[in-house]
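Written below as structure tokens is the structure these notes are about.
The values are calculated or read from the model by the stated rules, or taken from the named source; none is laboratory data. Fair warning: this is a prediction, and the values are worked out from it, not measured in the lab. When we count neighbours, we look across all protein chains shown, and the Cβ atoms used for this are built from the backbone with ideal geometry, even at glycine. Note: areas computed on protein heavy atoms with side chains; ligands, DNA, RNA excluded. Shrake-Rupley method; radii C 1.70, N 1.55, O 1.52, S 1.80 Å.
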Amino acid sequence: MFSLFSFTMAIPFLGILFNTKEMVTEPVAFEFSAKAVQHNFNYFITQIIQSEGPSTALIYISIFMVFMVFLKTSFNYLGNFTIIPLINGIIRDIRNKLYKKIVNLPVAYYSEEKRGDVMLKATGDVQEIANTIFRPLRKAIPAPIQIIVYIGALFYMNYKLTIFALILIPVSGYVIALVGKNLRKASVKGQDSLGVLLSIIEETLYGLRIIKAFNSEKRSTQKFGKQNQHYTDIMNKVLRKRILAHPFSEFLSTTVIVIIMWYGGSLVLQNATTLTPQAFIAYLAIFSQIIQPSKTLSNYYYNVKKGLASFDRVNSILDAEETIKEKPNARSIENFEQSIVYKDLSFRYNTDWVLKDINLEINKGEMVAIVGQSGAGKSTLVNLLPRFYDATRGDILIDGNSLKDLKIKHLRDLMGLVSQESILFNDTVFNNVAFGRDEVAEEDVIQAAKVANAHVFIEELPEGYQTYIGDMGNKLSGGQRQRLSIARAVLKNPPILILDEATSSLDTESEKLVQDALSRLMHNRTSIVIAHRLSTVREADKIAVMYQGSISEIGSHDKLIKNDGIYKKLHEMQMFS
Ligand code: ADP
């Protein structure tokens, strides 16, 4: 409104200059109508011209214009100021929602997806949505309002000319839409390709030592270069399409203005009383003000097309199915009392059966070892227990309850997991041990570290328990990392313990320390131990020998040796090595 007022000031201004200003000598009663306001304003100007001369009137008009522009820009600023936290808040919410989803998605989801791509979706794509869809809203929301107000004013000034102008606008709009058509598809391709690129970088950082050791720098660089070129080609196409928005809208808008100048000019020449020259100039000035918001809108259209591509990618995570679901009436389980039973259980990741008709009973307090060749399905078997995956056929029962009927949080609270690769976070020793719990007393952490044979080396670290251990704990040795994982399990104090080759990546020296810590951890607990080295599970109550997805033998060490089957062969091989 204020910018409209400042532009209409051109009419009396030019009227005075051209000496064609109509004089108004009588005011009318005040009313909220354009006619009345206009009339009284003209009366006010006439008064000034008559009493103080036209030059002073020009000054008054100019001051009024500046005041109007001041109001316009101030309100513009205030509007933007208010909307910024709103827009940033939307983006924050999307990020939070994504992170929550990423944490909640089942483990299986990530064997299908590239980690780099997931990272790009959660960062780059969210940013892209922010920059193309939400941040420009600041301008795109007022644009249609501005256009409507300006067009309303134009109608009021001269409806014939305005109808003529309005016919031109949809035509140019259609042309602009035509160009933006394929932009979304091309943009999706671009982001996908960038995702692959990011995955390569991620893998490189993870496997840098291997790349160097195998003299693979050149091959890696070439692989990266090829993908990078692929991405660049796509982006060339996308951006070339996008930059079309600018010349198109500029060319079209200028053409439209010229056509209107021609038509309006001929109206003025025909009859200067229906359209005075100064009104026509003001008309053009206001019309030109429609161009900026129209450009904003057409640019916004292109941006949204591009942004929707990222939107689709983000949605591919948000809409991903959480296959591990908790039933609405899931039961609580506070304690483990009797047994874990694998009942006629079969499982496959994709098409091939990885576990076939498994039947296994683990009673409270027992230590059950799972042994067998690599690839036999040992890890898969234990990964079903905390429901990282769900059985394809058959079931697992805890104290007679199917896992699927239990609250997932309760189920996982019952278990502690120590795997071959110690999973640590870039945080302090203290926080890594206390991971996943809210308020932990220092004595408890120290006590847990002592049980895990970790206290001594932690004390020797530069800042003790407050030392940062680096990405994935890379400032510690393998054995130290593993003992921290064990301390974490000790602190959690779960009734059921799952050890997945917890010592197999360690040297003999640290293995002894870790094994010692593990024995203390397993004391008085039910434990399921996957072991590569058979010597570590000799004492187990039951040893289940897995062969190609089935349990081929089960029993104590002595019984299995007597059995003269696979276990005995494995045992003999290890004795001699
Ligand atoms: P083990 O622990 O005895 O070495 P695993 O349980 O890790 O054996 O693997 C058993 C089989 O399942 C292997 O053939 C392996 O290739 C396959 N496998 C393991 N994880 C996945 C997965 N995420 N997707 C598809 N197949 C998998």
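Output the residue which, of all residues in segment 349-359 that are surrounded by fewer than 19 Cβ atoms within 10 Å (Cβ to Cβ) and not in a loop (DSSP other than H, G, I, E, B), is farthest from the ligand (Cβ to nearest atom). Walk me through how you get there before you give the answer.
Looking only at segment 349-359, we keep the residues that are surrounded by fewer than 19 Cβ atoms within 10 Å (Cβ to Cβ), and these are 349-353, 356-357, 359.
From the residues that got through so far, the ones that are not in a loop (DSSP other than H, G, I, E, B) too are 353, 356-357, 359.
Numbers: TRP353: 10, LYS356: 11, ASP357: 15, ASN359: 18 Å.
By that ranking, first place goes to ASN359.
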- prompt: Among PHE70, PHE81, PHE44, which is the only one that is over 57 Å from the mean Cα position of the chain (by Cα) and assigned to a helix (DSSP H, G or I)?
  reply: PHE44
- prompt: Just for segment 92-114: of the residues that are within 15 Å of ASN383 (Cα to Cα) and either assigned to a helix (DSSP H, G or I) or away from the ligand (no atom under 16 Å from the Cβ) (or both), which one is modelled with the lowest pLDDT?
  reply: SER111
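Evaluate the following for THR25: is it under 27 Å from PHE134 (Cβ atoms), of a type outside the set (D, E, K, R) and surrounded by fewer than 12 Cβ atoms within 10 Å (Cβ to Cβ)?
Values: under 27 Å from PHE134 (Cβ atoms): no; of a type outside the set (D, E, K, R): yes; surrounded by fewer than 12 Cβ atoms within 10 Å (Cβ to Cβ): yes.
So THR25 does not fit the description; no.
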- prompt: Would you pick out the residues in segment 383-404 that are buried (at least 17 other Cβ atoms within 10 Å of the Cβ), touching a residue at least 60 places away in the same chain (Cβ under 8 Å) and either of a type in the set (A, V, I, L, M) or farther than 12 Å from ASP500 by Cβ (or both)?
  reply: LEU385, ARG387, TYR389, ILE398, LYS404
Complete set of residues in segment 332-346 that are open to solvent by 10 Å² or more (accessible area, probe 1.4 Å), at negative phi and either without any contact (Cβ under 8 Å) to a residue 24 or more places away in the chain or in a strand (DSSP E or B) (or both): SER339, VAL341, LYS343
Answer from TYR150, TYR156, TYR174 - the residue that is of a type in the set (Phe, Trp, Tyr), over 34 Å from the mean Cα position of the chain (by Cα), part of a helix (DSSP H, G or I) and loosely packed, with under 14 Cβ neighbours inside 10 Å: TYR156
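Quick check on my filter: what residues within segment 61-93 are aliphatic (A, V, I, L, M) and either open to solvent by 40 Å² or more (accessible area, probe 1.4 Å) or under 30 Å from GLU128 (Cα atoms) (or both)?
Within segment 61-93, the first condition is being aliphatic (A, V, I, L, M), and the residues that meet it are 61, 63, 65-66, 68-69, 71, 78, 83-84, 86-87, 90-91.
Selection gives ILE63, MET65, VAL66, VAL69, LEU78, ILE83, ILE84, LEU86, ILE87, ILE90, ILE91.
Limited to segment 454-487, what total is found for residues that are touching a residue at least 60 places away in the same chain (Cβ under 8 Å) and farther than 20 Å from ALA531 by Cα? Full working, then the answer.
Filtering segment 454-487 down to residues touching a residue at least 60 places away in the same chain (Cβ under 8 Å) leaves 454, 482, 484-486.
Subsequent filtering for residues that are farther than 20 Å from ALA531 by Cα retains 454.
Final tally of qualifying residues: 1.
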query: Does ILE83 count as of a type in the set (A, V, I, L, M) and modelled with pLDDT under 90?
result: yes
Only one of THR255, THR274 that is surrounded by 12 or more Cβ atoms within 10 Å (Cβ to Cβ) and either basic (Lys, Arg) or not in a helix (DSSP H, G or I) (or both): THR274
- prompt: Would you call LYS100 surrounded by 14 or more Cβ atoms within 10 Å (Cβ to Cβ) and under 30 Å from ILE408 (Cα atoms)?
  reply: no
statement: If we ask which residues in segment 518-533 are buried (at least 21 other Cβ atoms within 10 Å of the Cβ) and either in contact with a Lys or Arg (Cβ under 6 Å, 6 or more places away or on another chain) or farther than 17 Å from ASN493 by Cα (or both), their number turns out to be 3
- prompt: Are any residues in segment 460-517 open to solvent by less than 30 Å² (accessible area, probe 1.4 Å), over 33 Å from the mean Cα position of the chain (by Cα), within 30 Å of GLU337 (Cα to Cα) and of a type outside the set (A, V, I, L, M), and if so, which ones?
  reply: ARG483, PRO494, THR503
Residue under evaluation VAL118, criteria (1) surrounded by fewer than 15 Cβ atoms within 10 Å (Cβ to Cβ); (2) within 16 Å of the ligand (Cβ to nearest atom), criterion not met: (1)
query: Could you say whether any residue in segment 367-379 is more than 8 Å from the ligand (Cβ to nearest atom) and loosely packed, with under 15 Cβ neighbours inside 10 Å?
result: no
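How do the helices (runs of 4 or more DSSP H) wholly within segment 377-434 filter down when requiring 1 or more residues that are more than 30 Å from the chain's Cα centre (by Cα) and of a type in the set (Lys, Arg): which remain? I'd like the intermediate steps shown before the answer.
On the way: elements: 378-383, 408-413, 429-433.
By residue number, 378-383.
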- request: May I ask you to list pairs of residues, at least six apart or on different chains, whose Cβ atoms are under 9 Å apart, with the first in segment 225-240 being of a type in the set (S, T, N, Q) and the second being exposed (fewer than 13 other Cβ atoms within 10 Å of the Cβ) and at pLDDT 95 or above?
  value: none
